[in-house]
1. Distance in nm between label sites at D113 and E46, each 7 Å beyond Cα in the beta-carbon direction?
2. Can you tell me which of G103, G18, G118 moves the most in a GNM of the chain? Springs connect C-alpha atoms under 10 Å apart.
3. Kindly state, to the nearest 0.05, the FRET efficiency for A23 paired with T165, given R0 = 25 Å and r defined as their beta-carbon distance.
4. At 222 nm, what value in deg cm²/dmol follows for the chain if DSSP H runs of at least 4 each add -39500 (n - 2.57) and the sum is divided by all its residues, to the nearest 500?
5. Quote to one decimal, in nm, the extra length available between E235 and T122 on full extension: 0.36 nm per residue of separation minus the C-alpha distance between them.
6. How many percent of Cα pairs in region 121-204 exceed 17 Å?
7. At 1.4 Å probe radius, can you tell me the per residue accessible area of region 75-166 in Å²?
8. Using only the Cα atoms, work out Rg/Rh for region 128-268, with Rh taken as the Kirkwood radius, to two decimals.
Amino acid sequence: YRDSDDPAKARHYLPLAGERAQAFNANREAYGWFTDAAAAFADDPEQRAEMIEAAAQQPYLLGEIDRAREQQEEAIRLYESVGADRAALNARRWLGRFHWLLGDPREAERQIDLAIDGLERTGPSPELAMAYSFRSQSVMLEPDFEAGAKWARKAIEIAEQTDATAAIIHAYNNLGLCLLSQGDAAGADYLRRSRDLALEHHLPDDVGRAYANLTGQGTRIFPFPYAENDALLREGVEYARRTIPDGVFDRWLRSGWGEFLLVTGRWA
């Protein structure tokens, strides 16, 4: 239908093809379908923006953050051009995440603040819950675990009010790491709940984050005894290999396993 003279069917089936490919973790293929879908909506800026934003998630998961950022910025411009303010504000939280990954925490903070300030004016919503959770994620990585826990609890409160499962999963992940890093064993329970819910709802980004946070990736401070930490790292690396090999979390988890083997002297 993309190559046919039936644009209505192209607009119907191209997004479905992207979603189907994404469900199978075929991210490069999903990127192609979502990009084709964006082209099919050339005369509909809001729908085009939705497809570009869906496309941006694919290079992010593959670790191609610059491309993801560029597309997220284009989606925001399109949303704003037609007054789709809530969608534009919601898109800014991901733009903030991409800036953080590219080494610009100030711009990351600015973008997430824009999302929060705008969404708070419209009352509780799943979008606001997720914006709070993205703020939790950014401050815990400074690291400010007390502030991270505060924002995570705000996110969970709004998410529970609005039945926002994805925001609950995201915020549990943040709260778990903040608590665990402050010596509270309850943090591990939140991280495991986040991982299990993310597996159930097929959210590989959150699964990868949960495994990275459970295993102390990047800190050389490992929260569990050797055998337990080793098992979690093996699980995480195997999950990443099955889903998005050489993607962003595959790289992080393999790096974390290398750190673990080096610190514990088990590399031989």
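The values are calculated or read from the model by the stated rules, or taken from the named source; none is laboratory data. Everything numeric in this text was worked out from a predicted model, so none of it was measured. Glycine also receives a Cβ, built like all others from the backbone with ideal geometry; neighbour counts cover every protein chain displayed. For accessibility, only protein heavy atoms count, side chains too; no ligands or nucleic acids. Shrake-Rupley method; radii C 1.70, N 1.55, O 1.52, S 1.80 Å.
1. Taking the two extended label points, one gets 3.0 nm.
2. Taking springs between Cα atoms under 10 Å, the residue moving most is G103.
3. Once rounded, the FRET efficiency stands at 0.90.
4. Numbers: 13 runs with 208 residues, N = 268.
Here the helix-only value at 222 nm equals -25500 deg cm²/dmol.
5. Details: separation 113, 0.36 × 113 = 40.68 nm, distance 4.09 nm.
Difference between extended and current length: 36.6 nm.
6. 42
7. Working: 4250 Å² over 92 residues.
In whole numbers, region 75-166 has 46 Å² accessible per residue.
8. My calculation of the ratio gives 0.97.
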